[in-house]
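Below: the structure, in structure tokens.
The values are calculated or read from the model by the stated rules, or taken from the named source; none is laboratory data. Note that the structure is predicted; figures quoted are calculated from it, not measured. All Cβ positions, even for glycine, are placed from backbone atoms using ideal geometry, and neighbour counts span all protein chains on display. Heavy atoms of the whole protein, side chains included, go into the accessibility calculation; ligands, DNA and RNA do not. Shrake-Rupley method; radii C 1.70, N 1.55, O 1.52, S 1.80 Å.
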Amino acid sequence: MLLNFIHDQGRKLLHPFVKLLASLSVKPATISIAGFLLCLLASIIAWTGHYWQAGLVFTIGSLFDALDGGVARLTGTVSKAGAALDSSLDRVAEAALFTALLAGTAGTEHPALLYAAPLALTGSFMVSYVRARAEGLGIPCEVGFFTRMERLIAMIAALFLADMVGSIALLLACALVALGAWATAVQRLLTVFRAKLP
């Protein structure tokens, strides 16, 4: 409930930027790609151990990702291809961040990331995959308490916290994401099994 409120308020705050981009005829796909590249840059920065800088860049990249859909809706350019591009880039951006944490400074300091990061990554992928597969079968499947928004909040907060308390914050965030994502994936699978198909 609270996260839905935050999401709605975020849309309202970003609406002036959506209108500006639309007035400049910036294409939604361009915004998606720009956000993706910023998230890749953030992953490289996180790999080097500069966490608050990575958090800042990742936040900006995620905001770009929140703008593309708004621009598409405002300009009447919503398309299945655009949705597929956006979703695919989101998955790659998540993979880049978890891989950077595992392979970089944080992974060196916390060997437990060898388990936490892959579990967080695969769990995140499963949340999206189960929904996509279910909806492909005609089963609505938006349930879940730990979706992409929650994962983003957890990882961005951890990047900023890591600069103050150390990279242990990133290990704990990966563990949290792993638990939350896998629980959500199972929740969605149960929804599919309970669905009454014609």
Between Val78, Val71, which is more than 26 Å from Leu119 (Cα to Cα), among the β-branched types (Val, Ile, Thr) and not in a helix (DSSP H, G or I)? Val78
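Looking at Leu41, Leu63, can you tell me which residue is of a type outside the set (Lys, Arg), more than 16 Å from Thr99 (Cα to Cα) and modelled with pLDDT of 85 or more? If you could, list the steps in order and put the result at the bottom.
Details: Leu41 fails: more than 16 Å from Thr99 (Cα to Cα).
The unique qualifying residue is Leu63.
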At least 2 residues that are under 20 Å from Ala66 (Cβ atoms) and touching a residue at least 24 places away in the same chain (Cβ under 8 Å) in each: list the helices (runs of 4 or more DSSP H) lying fully within segment 95-189 that qualify. 113-136, 148-165
Test: Phe146 is closer than 23 Å to Ser88 by Cα and touching a Gly at 6+ places or on another chain (Cβ under 7 Å): yes
Quick check on this structure: which one of Asp68, Asp86 is touching a residue at least 12 places away in the same chain (Cβ under 8 Å), open to solvent by 20 Å² or more (accessible area, probe 1.4 Å) and of a type in the set (Asp, Glu)? Asp86
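Yes or no: segment 23-34 includes at least one residue that is outside any helix (DSSP H, G or I), closer than 30 Å to Ala100 by Cα, open to solvent by 60 Å² or more (accessible area, probe 1.4 Å) and not acidic (Asp, Glu). It would help to see each step written out before you state the result.
Residues of segment 23-34 that are outside any helix (DSSP H, G or I), as a first pass: 24-27.
From what's left, closer than 30 Å to Ala100 by Cα: 27.
Retained after the next criterion (residues that are open to solvent by 60 Å² or more (accessible area, probe 1.4 Å)): 27.
So of that shortlist, the ones also not acidic (Asp, Glu) come out as 27.
Yes: segment 23-34 contains one or more residues that are outside any helix (DSSP H, G or I), closer than 30 Å to Ala100 by Cα, open to solvent by 60 Å² or more (accessible area, probe 1.4 Å) and not acidic (Asp, Glu).
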Residues being within 28 Å of Arg188 (Cα to Cα) and out of contact with any helix residue (DSSP H, G or I) (no Cβ under 6 Å at 6 or more places or on another chain): count how many of those fall in segment 69-84. 7
Mind listing whichever residues of segment 162-198 are open to solvent by 80 Å² or more (accessible area, probe 1.4 Å) and within 26 Å of Pro111 (Cα to Cα)? Asp163, Met164, Val165, Leu172, Leu176, Leu179, Trp182
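When you look at Val57, is it surrounded by 14 or more Cβ atoms within 10 Å (Cβ to Cβ), more than 15 Å from the chain's Cα centre (by Cα) and part of a helix (DSSP H, G or I), yes or no? Steps first, please.
Details: surrounded by 14 or more Cβ atoms within 10 Å (Cβ to Cβ): yes; more than 15 Å from the chain's Cα centre (by Cα): no; part of a helix (DSSP H, G or I): yes.
Spelling it out, it is not the case that Val57 is surrounded by 14 or more Cβ atoms within 10 Å (Cβ to Cβ), more than 15 Å from the chain's Cα centre (by Cα) and part of a helix (DSSP H, G or I).
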Is one or more of the residues making up segment 101-109 within 16 Å of Val177 (Cβ to Cβ) and touching a Ser or Thr at 6+ places or on another chain (Cβ under 7 Å)? yes
Given the residues Thr105, Thr75, which is the only one that is modelled with pLDDT under 95, within 17 Å of Ile31 (Cα to Cα) and more than 15 Å from the chain's Cα centre (by Cα)? Thr75
Subset of segment 89-134, residues among the basic types (Lys, Arg) and open to solvent by 70 Å² or more (accessible area, probe 1.4 Å), comes to Arg131, Arg133
With the checklist (1) open to solvent by less than 60 Å² (accessible area, probe 1.4 Å); (2) modelled with pLDDT under 95 in hand, flag the one item Pro140 doesn't pass. (1)
Residues of segment 78-102 satisfying the condition of being at pLDDT below 90 and of a type in the set (Lys, Arg): Lys80
